[in-house]
Amino acid sequence: MAEKIALLVRARSGPGVLAQLTGAIARHEGDITSVEIVGIDGATTRVSFELSLPGTGEALLEEIQGLESVREVTRETSLMQIYGKRIIIMGGGAQVAQVAIGAIVEADRHNIRGEHISVDTIPLVGEQALAEAVRGVARLPRARALVLAGSLMGGEIEIAVREVRAQGLLVISLNMAGSVPEAADLVVTDPVQAGVMAVMAVADTAKFNVARLKRREF
């Protein structure tokens, strides 16, 4: 059975270093599920890997540590185990704050029971800024649901919503003016309830299933 591990590698900066690291992982039949450059400090770069690996991973750590470009490698707890699934809330500041209240309270209830769900917020205004942010959620690691909290959203934002939904992201919209509610998976009038439902939709400890709902507006 494959073991899921996380590695933090500090290596010299320069071309070809990432190829050396991924080559070592491939030689040990590791399946990389996430990779991110988490910091560049002068001549060195820190790279975070999360991967599935047959065996304990000790042989892989030994090989990576032996690479000429590597200064240090440590085994870490995966971010999925620490922070878990992510709920992203964006839009107007007042509405975002209200949605966050519901999401944080509900996440706390599930996290006490063994879940790992985190809540991220960003107050934004402007069609283009919001559309770019919506598309960006699909690139965020561990993002499972997006809540759009505002009073008017449409145009390019609606197009972006349809794009990320096609990539498997759950999108919940407040009941607002504009065409975004028509494109979302769920439309919720009360912002606190929207936050609660977002967490319930992604929590393994909840029995809430969006696909089984008979209506999409609440």
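Going through region 176-218 one residue at a time, which ones are closer than 19 Å to Ala94 by Cα and either touching an Asp or Glu at 6+ places or on another chain (Cβ under 7 Å) or not assigned by TED's automatic domain parsing to the domain that holds His116 (or both)? So that I can check it myself, show each step before the final result.
So in region 176-218, the residues closer than 19 Å to Ala94 by Cα come out as 176-178, 180-181, 187-198.
Result: Val180, Val187, Gly195, Val196.
Exactly one of (1) within 23 Å of Ile82 (Cβ to Cβ); (2) at pLDDT 95 or above; (3) in a helix (DSSP H, G or I) is unmet by Glu163. Its number?
Condition not satisfied by Glu163: (1).
Residue by residue, here is whether (1) of a type in the set (Gly, Ala, Ser); (2) closer than 22 Å to Ala107 by Cα; (3) free of Cβ contacts under 8 Å to residues at least 60 places away in the same chain holds:
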position: Gln128; (1), (2), (3): no, no, yes
position: Arg135; (1), (2), (3): no, no, yes
position: Leu148; (1), (2), (3): no, yes, yes
position: Glu156; (1), (2), (3): no, no, yes
position: Ser179; (1), (2), (3): yes, no, yes
position: Val187; (1), (2), (3): no, yes, yes
position: Ala194; (1), (2), (3): yes, yes, no
position: Thr205; (1), (2), (3): no, yes, no
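Listed here are the residues, each with its yes/no results for (1) at pLDDT below 95; (2) of a type outside the set (Val, Ile, Thr).
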position: Ala131; (1), (2): no, yes
position: Arg135; (1), (2): no, yes
position: Arg142; (1), (2): yes, yes
position: Val147; (1), (2): no, no
position: Ser151; (1), (2): yes, yes
position: Glu158; (1), (2): no, yes
position: Leu174; (1), (2): no, yes
position: Gly178; (1), (2): yes, yes
position: Glu182; (1), (2): yes, yes
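So in region 1-46, with the set limited to residues that are touching a Lys or Arg at 6+ places or on another chain (Cβ under 6 Å) and of a type in the set (Lys, Arg), which one is farthest from Val73 (Cα to Cα)?
Filtering first and then ranking leaves Arg46.
The values are calculated or read from the model by the stated rules, or taken from the named source; none is laboratory data. The structure displayed is predicted, hence computed values, not measured ones. Here Cβ is always computed from backbone atoms with ideal geometry, including for glycine, and neighbour counts include all displayed protein chains.
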